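The values are calculated or read from the model by the stated rules, or taken from the named source; none is laboratory data. Not measured: the values here are computed from a predicted model. Methodologically, a virtual Cβ is constructed for each residue, glycine included, from the backbone with ideal geometry; neighbour enumeration extends over all protein chains shown. Side chains are part of the model used for accessible areas, which takes the heavy atoms of the whole protein and leaves out ligands, DNA and RNA. Shrake-Rupley method; radii C 1.70, N 1.55, O 1.52, S 1.80 Å.
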Amino acid sequence: MERQFTEEIRSLKLGDGEIFHGEGILAVTKALLQSGVSYVGGYQGAPVSHLLDVMVQARDYMDELGVHVEACTSEASAAAMLGASINYPARGAVTWKSIVGTNVAADALSYLASAGVMGGTLIVLGEDYGEGGVVAQERSHAFAMKSMMWLLDPRPNLATIVEQVEKGFELSEASNTPVMMELRIRACHVRGSFVSKKNISPVVSTRNRLDGPPKEWIYDRLAHPPAIFRQEKLKSDVRLPAARRFIQEHNLNERFPGSEAGLGIIVQGGLYNGLMRALRLLGLADDFGGCQLPIYVLNVVYPLVPEEVISFSRSKQAILVLEEGQPEFIEQEIATALRRADLQAKLHGKDLFHMAGEYHTEAMVRGLARFLAQHAPHLDASSGSRWLESVKSMKEKAATLLGTLPQRPPTFCVGCPERPVFSAMKLVAQDIGRPHVSMDVGCHAFASFEPFSQGNTLLGYGMSLASAAGVGPMSARRTVSVMGDGGFWHNGLLSGVASNLLNKGDGVLIIMKNGYASATGTQELISSPPDAAREVAVGRSSVHADRTIEDTLAGLGVKWLRTINNYNVGAMAKTYKEAMTTGEKGLKVIVAEGECQLERQRRLRPFVSRQLSEGKRTVRVKYGVDEDTCTGDHSCIRLSGCPTLTVKDNPDPLRRDPVATVIDGCVGCGLCGENAHAAVLCPSFYRAEVIQNPGLLDKFLFKMRSVFA
Ligand code: SF4
Ligand code: SF4
């Protein structure tokens with residue numbers, strides 16, 4: 001990864017009384033060190049990638065503290081790492097994107113939760129839920145409940161988040177239970193400050209090593225029969241009461257008073273900021289957290305503490321529960337607590353708010369207004385209605401002014417090496433017809449959108465080949481599975497390739513070997529190009545130096561295996577067509593090789609600016625379209641979809657169709673030329689070299705060309 005986290009690493013080193021400024025997720029990272037964590041692992045994914053990325057880059061400092069950091073190959077390996085805390089007083093933390101990562105980690109988590117922990121364990125979950133989410137919309141809450149692990153959902157305020165991390169470890173130790181902490185996108189990126197403490201060197205660490213296995217061998221620490229039966233009882237009889245005691249004694253949940261004592265709002269901690277904004281818009285709260293309605297903030301959403309729920313609700317006529325997503329686990333638990341205590345407060349929640357989807361400000365204002373209309377008609381909340389009206393009229397005005405806007409689906413970066421593969425597939429489909437395409441998680445999933453529109457299923461990271469297993473034998477045409485190298489190492493090798501070979505399957509697998517887990521921020525893989533090769537390749541177009549994927553596939557028994565340079569569209573199309581039509585049985589794998597352009601540009605940019613500042617000659621390749629030759633049929637755009645290949649008005653007054661044009665930003669990947677050649681398009685593309693700090697020969701040639709032009 002070429003991105004540098006120098007500033008972030010400096011923040012991690014802050015000591016007692018110094019002020020930390022930054023984002024929520026970095027505050028969590030600092031809080032782990034303040035808590036004396038012994039080991040940290042995880043798998044990257046928004047919005048928590050930053051935690052692991054910064055720690056990996058701060059390896060020297062982690063070594064100094066004795067903290068072991070591991071960039072795991074999947075969430076399952078990260079979860080299993082927490083096994084270190086079962087027998088030893090070592091605090092451990094892992095992180096990943098949920099719900100998908102939690103699904104992958106589920107097996108190890110079940111066993112961990114059953115065995116219980118001695119050292120505190122914290123699982124930091126990037127809760128990718130809501131309008132910015134990119135994964136199946138489910139909640140981590142269900143996992144916490146079914147395994148009986150505790151779930152923190154801290155109020156998005158840096159000091160609170162840090163305190164919850166520190167208390168989370170203590171809670172875990174006090175109840176011998178793993179603790180999860182869900183952080184929504186906004187909580188990860190919320191900015192603020194807190195007074196830091198000095199980092200603690202862990203009790204057990206790479207500098208203070210264990211001298212052997214535990215002195216006392218305890219069978220109960222294995223999640224194995226008959227211990228599992230006792231462990232299940234321990235969960236509800238011992239660990240749950242211990243957790244509730246700790247939550248209560250240490251005030252992990254918060255109560256904010258309000259003058260309307262007959263009403264109350266119970267809110268998930270993560271939603272608190274949105275709730276306060278909505279109440280401000282309704283004229284019921286100020287900018288400093290003061291509010292007319294009493295609020296009970298659940299920084300711990302599982303387990304609830306019935307005594308706290310009852311004491312908050314006792315003198316109230318109506319309670320509103322704000323719980324995002326479905327089903328309404330918290331509301332149901334509160335209903336049970338109120339009923340058991342025979343409290344008659346009217347309970348609202350999903351009856352006034354939508355069941356599925358994010359609770360954004362508009363939804364909050366609308367739902368709160370309904371609640372107030374029923375239970376506090378004396379309060380003047382008319383400013384909320386005016387605000388809702390203004391939002392509505394602004395939307396209507398925008399719709400009138402703009403009309404229906406064209407969709408802008410996400411797409412590959414400019415010059416991405418994966419785009420040419422889909423160009424080749426599109427070209428071949430014209431000859432052999434469209435096949436069933438199993439997509440995977442990763443940048444290549446952008447090909448599901450226009451102009452490629454390829455991809456029929458998406459079932460998880462590294463699962464494309466496995467998900468084609470049922471379709472292939474029932475299809476007249478071979479199926480195609482596309483997978484990134486990140487997905488290949490995460491799950492694809494075993495779930496896909498090994499299973500296909502075991503079952504003597506057929507089909508075509510395309511592995512995008514771009515060198516990194518690009519979609520999550522270009523983290524390194526076991527097959528990433530070695531540093532030395534990247535150094536040598538600084539001034540070159542790409543770096544191809546690793547054969548680990550090919551060697552692994554060959555070792556496993558894949559017979560039909562080709563590695564092709566992605567940018568060579570003709571060769572890619574020919575190989576792909578051969579794979580789709582050959583009579584040879586068995587899995588056919590095309591390793592599509594081309595370095596991630598994002599990573600390449602990160603490496604090249606500082607190199608080029610150094611060259612320029614030193615007055616050295618630099619050459620940048622750029623493609624262009626001759627507007628006189630362009631026919632205006634735009635087949636080049638339909639084959640590429642590169643954002644820098646677009647259209648402009650036709651300069652010829654006698655022609656109406658806009659012509660294609662290449663705008664600034666083209667990185668000269670060469671796809672335009674390749675597509676024009678492979679698809680026999682009009683000869684309007686040209687390749688130009690933009691020379692900065694030209695030499696004598698360049699100047700001479702320029703003069704000569706100017707004379708004869
Ligand atoms: S991050 Fe890399 S692989 Fe992903 S779209 Fe951009 S260039 Fe392509
Ligand atoms: S050569 Fe074409 S496809 Fe490549 S970056 Fe330039 S405009 Fe985009």
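Details
- Summed side-chain charge close to His436 - residues other than His436 whose Cβ falls under 13 Å, Lys, Arg +1, Asp, Glu -1: +2
- Sulfur and carbon atoms: percent of accessible area, the chain [1.4 Å]: 55
- Size descriptors for segment 562-658, from the alpha-carbon set: Rg then Dmax equal 19.8, 57 Å.
- Antiparallel bridge percentage (DSSP; both residues within the chain; nearest 5): 30
- FRET efficiency, Arg339 to Leu210 (Cβ-Cβ, R0 35 Å, nearest 0.05): 0.10
- Largest accessible area first, the listed residues Cys669, Cys642 line up as Cys669, Cys642 when surface is computed with a 1.4 Å probe on the assembled protein chains.
- Close amide H contacts of Ser481 (hydrogens built in the peptide plane, cut-off under 5 Å, sequence separation of 5 or more or a different chain): Ser438, Val508, Leu509, Ile510.
- Seen against the Cα atoms of the chain and their longest principal axis, helix 329-340 is set at about 10 degrees.
- 3J(HN,Hα) from dihedral phi, segment 445-450, Karplus parametrisation 6.51/-1.76/1.60, rounded to Hz, x for glycine, proline: 5, 4, 5, 5, 8, 4
- Rolling a 1.4 angstrom probe over the protein heavy atoms with all chains in place gives the chain an accessible area of 45 Å² per residue.
- Compared with the alpha-carbon gap, the fully stretched path from Thr646 to Leu697 is longer by 15.0 nm at 0.36 nm per residue.
- Efficiency of FRET between Gln374 and Gln326 - r from beta-carbon atoms, R0 25 angstrom, step 0.05: 0.65
- Rg to Rh quotient for the chain, alpha carbon positions, Kirkwood Rh: 1.02
- Shown in residue order for segment 647-663 are the 3J(HN,Hα) couplings computed by the Karplus curve 6.51 cos²θ - 1.76 cosθ + 1.60 at θ = phi - 60°: 10, 9, 4, 6, x, 7, x, 8, 10, 9, 5, x, 9, 6, 8, 9, 8 Hz (x for Gly and Pro).
- Label-to-label distance, nm, for residues given as Glu614 and Thr661 (7 Å Cα→Cβ offset): 3.7
- Near Thr618: Cβ cut-off under 12 Å, other residues only, Lys/Arg at +1 and Asp/Glu at -1. The net charge is +2.
- Note on Gln137/Glu249: beta-carbon distance plugged into 1/(1 + (r/R0)^6) with R0 of 22 Å gives a FRET efficiency of 0.05.
- Surface/4 of the Cα convex hull for segment 155-263, nm²: 11.8
- The modelled label-to-label distance for the pair Leu501/Thr582, using points 7 Å beyond Cα in the direction of Cβ, is 1.6 nm.
- If you sort Ile266, Ile663 by accessible surface, 1.4 Å probe, largest first, the order is Ile663, Ile266.
- Axis of helix 382-402 versus longest Cα principal axis of the chain: the two differ by about 10°, to the nearest ten degrees.
- Under 27 Å from the Cα of Lys699 - lysines, other chains or at least 8 residues apart: Lys616, Lys622
- Computed over neighbours whose Cβ is under 10 Å from that of Tyr296, the net charge equals -1, Lys and Arg +1, Asp and Glu -1.
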